[in-house]
Structures are given as structure tokens and as C-alpha cells.
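Below is one structure, written out as C-alpha cells; comments come after it.
The values are calculated or read from the model by the stated rules, or taken from the named source; none is laboratory data. All values derive from a computational prediction rather than experimental measurement. With ideal geometry, Cβ positions are generated from the backbone for all residues, glycine too; neighbour counts draw on all protein chains shown.
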Amino acid sequence: MQRGGLAIWAAALVGLVVATPAQAAFPGKPGPLVYSKTSAEEVATGFEEGGGIFSHGPRMRDRPQQLTDDIDDSAPSVSSNGRLIAFSSNREAPGPLAQGLHIFVVKRDGSGLRQLTSGAFYDSNPSFSPNGRQIVFDRRVPSINRVSHIFKVSIDGSGLRQLSDGPGGDYDPVFSPNGRVIVFVSNRRPSGRRDRSNIFSMRPNGSRLRLLIGGPRNEYDPDISPNGRKVVFTSNRSGSNLFIARINGRHVHALTHRRDCLRGGCYSNPAWSPDGKHIAYLSTGTYSSSVDVMRVDGRGFSKEFDRGGTEAEGFGSHVGPPNWGPRPR
């Protein structure tokens with residue numbers, strides 16, 4: 001497909017890592033990793049862009065499969081039974097309110113596309129509830145303000161409900177595997193001049209809001225382990241690295257130790273494997289991106305499952321943050 005956004009697309013590739021989606025890690029045998037991938041190449045008539053949601057089996061030798069074919073599809077999340085994938089997109093839909101970003105659902109083979117939200121909103125970062133009946137996501141209303149809040153909706157598109165409010169922005173929500181809490185990122189209650197985001201938790205009805213992980217810098221991209229005992233997240237305390245803490249926010253320790261984000265690469269968007277033994281994450285450099293997998297203790301070498309690379313002009317490909325679903329059952 002051809003579009004006019006090459007300059008914007010290229011700029012996003014060489015920019016610093018920003019907070020992007022986190023999803024639930026539901027227990028089970030490891031199934032496929034899902035992630036977005038975009039590409040742009042020069043052709044005789046100008047350039048062509050393509051992309052969509054991709055699926056990669058749990059073994060490195062597995063080949064990636066493309067599930068959707070719209071360049072704006074992003075932030076995929078797998079359901080607890082491994083049969084459905086939710087994602088965010090601004091692909092066109094029927095009706096006068098087809099604008100902004102909306103939440104969609106497809107089957108694990110890419111069929112049966114359904115749109116769950118609509119209107120002049122920016123809905124992103126969906127995550128399934130453990131029973132698969134609801135999806136939690138963040139929504140920004142451009143006509144009112146620039147901050148986002150947490151919402152949830154039933155899998156059939158009914159029962160839309162707002163869970164958080166206030167002057168601060170809330171985003172990247174994720175259910176705990178037992179469904180008792182929702183963990184999310186917010187810029188409320190900063191603890192320093194350079195603190196722009198901390199990790200909070202609340203009940204599924206929006207009550208009992210509390211700070212889970214905070215600090216003088218930014219904490220984001222939370223993902224709860226399949227047994228519900230630990231949380232992995234990203235922080236820019238030194239570079240952009242991955243950290244693990246207990247579910248109560250205590251005993252934080254680093255998994256990676258990159259000092260220079262731009263020269264050595266940035267690590268972000270960690271996602272637990274369904275058996276809790278590995279963590280997939282996004283590794284990005286100035287002109288490169290890859291979905292990598294490491295042991296949960298941080299030892300040994302990481303394995304690269306898929307990658308993208310661009311030229312200075314922006315032509316090439318780029319992979320997005322991974323989510324790791326259980327084997328379908």
C-alpha cells in the first residue's frame with residue numbers, strides 16, 4: 001500500500017524509546033509471540049509501505065507469519081486461551097465516526113476481524129482479562145484534554161466503562177493473571193523533576209488505587225509473571241533497561257545493564273513467557289529493532305527471533321513490542 005507518512009515513519013525509528021504496550025502473561029505452555037512489523041521500500045513510483053500483526057512460534061527456528069495487513073495495526077495482546085488477539089488500529093471502519101484509534105480482535109490465524117470500540121477517540125494498548133470476557137485499554141479524548149485514562153469493554157463491544165480519572169494520564173493497563181488487580185502506568189504523583197511515569201495498581205472496578213513501583217526516573221511497560229508473584233518492567237534509571245520486582249514493588253533488581261541507549265541499544269517492553277522461564281523484549285538502536293528472548297534470570301545470551309533495520313533515509317523495516325501468548329487450548 002502507498003501512503004504519505006514516510007517522514008513520520010522514519011522519524012519514529014530513530015527516536016528515543018517511549019512507553020509502549022504491556023500485556024498480561026497468562027500461564028500455560030509457550031505459544032506464539034505476537035508483534036507488529038512495518039516496512040517501507042523505494043519503488044519506481046515513489047515508495048511503498050506495508051505492515052501488520054505478525055506471529056512467531058516459541059522456537060527460534062519457527063518462521064514468522066503475517067496475520068493482518070494494515071500498517072497501522074499495533075500493540076497486539078493474546079487472550080488467556082491463546083485463541084484471540086486484540087490490537088489497536090486506525091484502519092477505516094463504516095460510519096461517520098471512523099477516526100482516531102480503535103480496538104480490534106481477530107482469531108489467532110488472522111481471521112474473523114471484529115471492531116470493539118469506535119468514535120473520535122484514541123484507544124490503544126489492549127489487554128485481555130483472564131476469563132477472556134473483557135479487554136482493558138487506555139483512551140484519550142482529543143476534544144477534552146491530552147491525557148488518557150483506563151477503560152474496559154466486553155469482548156462483544158458492550159459494557160464500556162471508565163476505570164480511572166483525574167488530571168494525570170493513565171495508560172498501558174494489564175490484568176494480573178488471577179484477575180484481582182489491574183496494573184498500569186501513570187504520571188500522577190511524580191517523585192522528582194525527571195519523573196514522568198510510575199507503575200500503579202487498582203481493583204478491576206477502579207478502586208483501591210496505589211503506587212506499586214516509583215522512583216526518581218521513569219518506570220513503565222509492566223508485565224506480571226504467570227504465577228502473579230513478580231512484575232517485570234522498563235526504567236530509564238540508567239539507559240533503558242529491564243528490571244524485575246516482587247508484586248508488592250519491593251526487591252527491585254536489574255536484568256540488563258546498557259548504559260548508553262543510543263549507542264548500545266535500548267531494552268524495553270518485556271513480556272513473560274507463559275511458563276515463566278523466559279522474557280521476550282524489544283531491543284532498539286538508532287537504525288535497528290529486534291524481538292529478543294532471554295532467560296528470566298538474565299544469564300546467558302539473548303536470542304533474536306525477528307528483526308528490522310533501516311537506512312538513514314528511513315527505508316527498511318521495524319518490529320514492535322512483543323506479547324507472548326499461551327499455546328491455544
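Miscellaneous remarks
- Residue match in the range 48-62 (condition: of a type in the set (Asp, Glu), more than 26 Å from PRO270 (Cβ to Cβ) and in contact with a strand residue (DSSP E or B) (Cβ under 8 Å, 6 or more places away or on another chain)): yes
- Considering (1) surrounded by 17 or more Cβ atoms within 10 Å (Cβ to Cβ); (2) among the hydrophobic types (A, V, I, L, M, F, W, C); (3) out of contact with any His (no Cβ under 9 Å at 6 or more places or on another chain), the lone condition that ILE144 does not fulfil carries the number (1).
- For the range 181-202, a residue qualifies if it is part of a loop (DSSP other than H, G, I, E, B), of a type outside the set (A, V, I, L, M, F, W, C) and under 19 Å from ASP221 (Cα atoms), and the qualifying residues are ASN187, ARG188, ARG189, PRO190, SER191, ARG194, ASP195, ARG196, SER197.
- For the range 75-98, the tally of residues that are part of a loop (DSSP other than H, G, I, E, B) and either surrounded by 20 or more Cβ atoms within 10 Å (Cβ to Cβ) or modelled with pLDDT of 95 or more (or both) stands at 5.
- Among residues of the range 41-69 being in contact (Cβ under 8 Å) with a residue 40 or more places away in the chain and crowded, with 20+ Cβ neighbours inside 10 Å, the one that is farthest from GLY110 (Cα to Cα) is PRO58.
- Pairs, first without any contact (Cβ under 8 Å) to a residue 12 or more places away in the chain in the range 239-259, second among the small types (Gly, Ala, Ser) and in a strand (DSSP E or B), C-beta under 8 Å, six or more apart: HIS251/ALA245; HIS253/ALA245
- Once the range 134-155 is narrowed to residues that are over 22 Å from PRO222 (Cβ atoms) and not in a strand (DSSP E or B), the residue that is modelled with the highest pLDDT is ILE155.
- Residue-level check: of (1) among the charged types (D, E, K, R); (2) exposed (fewer than 13 other Cβ atoms within 10 Å of the Cβ); (3) in contact with a strand residue (DSSP E or B) (Cβ under 7 Å, 6 or more places away or on another chain), ASP156 misses just (3).
- Matching entry among ASN205, ASN218 (being surrounded by fewer than 17 Cβ atoms within 10 Å (Cβ to Cβ) and touching a residue at least 12 places away in the same chain (Cβ under 8 Å)): ASN205
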